[in-house]
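Here, each number is a calculation from the coordinates, and none is a lab measurement. A quick note: this is a predicted structure, and the numbers were derived from the prediction, not measured. Note that each Cβ is placed from the backbone with ideal geometry, even for glycine, and that neighbours are counted across all protein chains shown.
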Amino acid sequence: MRAAVARFWALAAVPIISIVLALLLGSVLIIASSLVTDKSLNLLLPIVAYENLLQGATGLSFLDVVGRTVTINFSIDPDQAARALTSTMAATSPLVLSGLAVGIGFKAGLFNIGGTGQVLVGGFMAALAGAAVAQQPAPVAVAIAILAGALGGALYGFIPGALKAFTGAHEVVSTIMLNSLAAFAIVGLVNDIFKITGPSFARTADVGNAAMPILFGRNGNLGILITLVLVVLTWVLIYRTPLGFEIRTVGANPSAARYAGMSPRRLIILVMSLCGMFAGLAGAFEILSLGYYPAIFGTGIGFAGITVALLGRAHPVGILLAALLLGAMRAGAPAMQITAKIPIEIIDVIQGLILLFLAAESVIRHLLRSRTERVTPGEIGTVSRTYGETTV
């Protein structure tokens, strides 16, 4: 048991400390905001905010705050808890997929920062396919729309993978440019070609029977179940198959992988295509839940996948847990805004702070003065290194 606890702390020390530091610094910002909203310094405001955030995400309440007095009072409303947990799972599903889109890249020594563009392309392709089969039986229509989203994202991931493999073009640069290309191109396509008449804003046609089926609650859709299955399959792929061993070997040392008879070029293209597929599925689930593709589709799940992958240590189970945390924050943010009068944008600030502290891993480990495990080059260390010349 002692060895298991030591192993857990070695892996989770930096993520846990990053979360705690981000919440503490977020508390300072929340207290500072009370000078503007209440015209006084309210030191209890972070407690109120985080309590409502937790209640909105889980339906659980642990504290009663009356004026400047805080008392412990555990309570739970079963109906509210069911609704809150369903919303949390619905918000978590696309974050898991975008996290996998980055995490698998880390395993191969690649930094896929193009999740946003891949999400947009996947959602757009799902919307077009869904509209085309809108009158077909629901199982057929949903399957075709989801498959179209996955293929669209995979194709958009294939492009930077091929550029990396055959020209040495760094995937960070190419994916950033492809993000902008996808955003502007899709806006033009929706506004000029696929826009339907009637609505007051530009959007594609309704997906009809291809809409994401609701399995439980108000928004507990099929995407949640598919995401859980994909987490298991990804773990099996990475840690229990020869292909997964090759991916991890290329991420750790591409020269050794080539010497052992592996093909870094093939693996780079395959991994980037897989990354795009996961991000495309995230976009497909979002759009098929909405029912159409709006010309202006702003979503942060692509970039949030970077935080999820780093926080989850690029491990499928860790990514699931990290996405659950961020999904709970997103689901509970409206309740926090309504009750504590804290803008929901504070969640994006906290998420950014988590990413900042994760990036300062070496500093945190130095302060801990511990023997906690350092990340391997093929995982989080990929953010700060490259081997562009050695993979071509």
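In a DSSP loop and with at most 11 other Cβ atoms within 10 Å, the trypsin sites (Lys or Arg not before Pro) in the range 217-255 are 218. Of interest is the spacing of the C-alpha centroids, which for the range 63-117 and the range 175-254 amounts to 18 Å. For the range 94-323, the Kirkwood estimate of hydrodynamic radius, built from reciprocal distances between every pair of different alpha carbons, is 17.6 Å. Taken over the alpha carbons of the range 226-321 as equal point scatterers, the Debye sum produces base-10 log I(q)/I(0) values at 0.11, 0.19, 0.22, 0.25 Å⁻¹ of -0.41, -1.02, -1.22, -1.38. Averaging 1/r over every pair of different alpha carbons in the chain and inverting the result gives a Kirkwood radius of 22.1 Å. In a DSSP loop and with at most 14 other Cβ atoms within 10 Å, the chymotrypsin sites (Phe, Trp or Tyr not before Pro) in the range 198-240 are 201. Projected over all directions and averaged, the alpha-carbon convex hull of the range 1-135 occupies 14.7 nm². Given axes a ≥ b ≥ c from the Cα gyration tensor, I'd like to know whether the range 60-189 is rounded (a/c under 1.5), prolate (a/b larger than b/c) or oblate. Judged from the Cα gyration tensor, the range 60-189 comes out oblate (a/c at least 1.5, b/c at or above a/b). Each of the peptides 188-198, 326-336 was scored by the mean count of other Cβ atoms within 10 Å over its residues; in descending order, highest first, they stand as 326-336, 188-198. The lysines whose alpha-carbon is closer than 21 Å to the alpha-carbon of residue 39, local same-chain residues fewer than 8 away aside, are 341.
Convex hull volume of the C-alpha atoms in the range 88-155, normalised per residue: 96 Å³.
By the gyration tensor of its Cα atoms, with a ≥ b ≥ c the square roots of the eigenvalues, what is the shape of the range 129-198: rounded for a/c under 1.5, prolate for a/b over b/c, or oblate? It is oblate, given that a/c is not under 1.5 and a/b is not larger than b/c. Close amide H pairs (under 5 Å, H built 1.01 Å from N) link residue 299 with no residue at least 5 positions away or on another chain.
The alpha carbons of the range 170-248 occupy a box of 52, 42, 16 Å along the principal axes, longest dimension given first.
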